[in-house]
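The values are calculated or read from the model by the stated rules, or taken from the named source; none is laboratory data. It should be emphasised that the depicted structure is a prediction, and the values quoted were computed from it without experimental measurement. Cβ atoms come from the backbone with ideal geometry, glycine included; neighbour counts cover every protein chain shown. Quick note on the areas: whole protein, heavy atoms, side chains included, nothing else; ligands and nucleic acids left out. Shrake-Rupley method; radii C 1.70, N 1.55, O 1.52, S 1.80 Å.
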Amino acid sequence: MTGLKRIGAIALLATAFAAAGLGTVFAQGKGMIYYLVPTLLDEFQTGSIDAITKFMGDVGYEVTALDAQNRSDLQLNQVDDVLNLDPAAVILAAVDFDAIKPGIEKLRAAGIPVMIFDRQITSTPSDLTSVAGTVEIGHIAADEALRLLTEKKGAARGKILQILGDPGDPYTLDIQMGFEEKLAAFPDIEILTHAAMQWEATNAGNIAQDQLLTNPDIDLIFSHAAHLSVAVAAVLEAQGKAPGDILMMSSNGAPVGLDLIRDGWLQVEVEQPMYAQAAALAIFADKVVNQEALQPGTYDITGLQSELTIEDWGPNIKIPGAAITPDNVDDPKFWGNLQPPTEPVAAIE
């Protein structure tokens, strides 16, 4: 972006803030925080804007979200624009982990704190990272698989088809690690693992169709995202199977997963705790903005016991997920129900 275009973009942003009446809020509050969102093409990202805005408002900050439209070059341009607006901090969910590194370094060199949301970046330091405990999600999924298999077969035994997302994504690899390391103690459970490249639902459906031909005795199918389970359920239905004939689980907590639970196709959805991840940023925001040290330890984040550690890339808080079942599927605390939280959070002293 040229200098003139960047000045124009800044002017447009300033005009938008003034039109929205944000100038007064900014003056009376603690400052403006910019949330650089990778895309608005799914409910997780749009829901994260509502959650971050709400929780940051609880502790006195205004939030403006900028959509990178899944383009790393646009996200870097947004970094340059925000640099000139003197924000209290920037929250970043990266389009590309490597491409955004110079942008993070530029912001921090200018004295602007950077908080990383959801998409962990370990290649350069930041001021706080809030992520889901993905290995822990795998552990929870393993516990639920053990429960389901024991209820079905009277013992912890059976055959599981595990459908990963894209194998280049650490999210799915960490879940696989947690799932398999916990089930390794159960020799009567066999796990067949295949990857749905690019997280494409059609790939997951094809995997399920092929594996059910060669392994008709599959007891449980565990997909690493709810939209993959939608395709798997369609395959099962096309084969004349009824909900529950083959047990199903997935992990991320998306609305379609919760609907599959209500319809009986899915027995468990292990949630990625988006609301808690957003709340953690707000709880520590004052300390981050004031550049105060964060203390490692266990913190209660919206009822989830979460661990803050100091890593090479800076303070990192890891938040566990939770198992969603037919018994609790309508609980508004799960982000997939698309009911933004109303309980306020408070900044940590």
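Electrostatic bookkeeping for VAL289 treats Lys and Arg as +1 and Asp and Glu as -1; over the other residues with beta carbon under 14 Å from its beta carbon, the sum is -2.
One chain, two ends: GLU311 and LYS106. Fully extended at 0.36 nm per residue, the span grows by 71.8 nm beyond their Cα-Cα distance. Compared with the dominant principal axis of the Cα atoms in the chain, helix 226-238 is inclined by about 30°.
The apolar share of the surface of the chain, taken as the fraction of accessible area on carbon and sulfur atoms (1.4 Å probe, ligands and nucleic acids excluded), comes to 53 percent. Applying 1/(1 + (r/R0)^6) with R0 = 30 Å to the Cβ-Cβ distance of LYS152 and ASN206 gives a FRET efficiency near 0.70. Take the Cα radius of gyration of the chain and divide it by 2.2 N^0.38 Å, with N its residue count; two decimals is plenty. Relative to the 2.2 N^0.38 Å estimate, the chain comes out at 1.06. Over all other residues within a Cβ to Cβ distance under 13 Å of ILE348, the charged ones net out to -4, with Lys and Arg as +1 and Asp and Glu as -1. Which of the three applies to the stretch 115-187, rounded, prolate or oblate, going by the alpha-carbon gyration tensor with a ≥ b ≥ c and a/c under 1.5 meaning rounded? It comes out prolate by the Cα gyration axes. Each residue, THR214 and ASP330, gets one label point 7 Å from its Cα in the Cβ direction; the gap between the two is 4.3 nm.
Near the amide H of ALA89, within less than 5 Å, lie the amide hydrogens of TYR34, all on another chain or at least 5 residues away, with H placed in the peptide plane.
Using a simple spin-label model with pseudo-atoms 7 Å out from Cα toward Cβ, ALA347 and GLN239 lie 5.5 nm apart. Across the chain, C-alpha contacts under 8 Å between residues 6 or more apart give a mean separation that, scaled by the residue count, equals a relative contact order of 17 percent. Distance between the 7 Å Cα→Cβ label points at ALA293 and ASP259: 5.0 nm.
DSSP assigns beta bridges within the chain; of those with both partners inside it, close to 25 percent run antiparallel. Ordered from highest to lowest accessible area with the whole protein assembly present and a 1.4 Å probe, ILE310, ILE221, ILE191 read as ILE310, ILE191, ILE221. By how many degrees, 0 to 90 and rounded to 10, does the Cα axis of helix 170-183 deviate from the longest principal axis of the chain? That helix lies at roughly 40 degrees to the long axis.
Remark on ILE319: its backbone amide H falls under 5 Å from those of VAL131, ALA132, GLY133, a criterion applied only to residues 5 or more positions apart or on other chains, H modelled at 1.01 Å from N. Add +1 for every Lys or Arg and -1 for every Asp or Glu among the other residues with Cβ under 13 Å from the Cβ of ILE301, and state the total. Its environment carries a net charge of -1. Accessible area per residue was computed with a 1.4 Å probe on protein heavy atoms; ARG262 scores about 110 Å².
By how many nm would the segment from THR193 to ASP169 lengthen if fully extended, with 0.36 nm per residue of separation less the alpha-carbon distance?
Numbers: separation 24, 0.36 × 24 = 8.64 nm, distance 1.53 nm.
Length gained, THR193 through ASP169: 7.1 nm.
Net length available on complete extension from PHE97 to ARG71 is 8.2 nm, with 0.36 nm assigned per residue and the Cα-Cα distance removed. When you restrict to C-alpha pairs under 8 Å that are six or more residues apart and normalise by the size of the stretch 173-258, the relative contact order lands at 28 percent. Heavy-atom accessible area for GLU136, with the other protein chains in place and a 1.4 Å probe, reaches approximately 60 Å².
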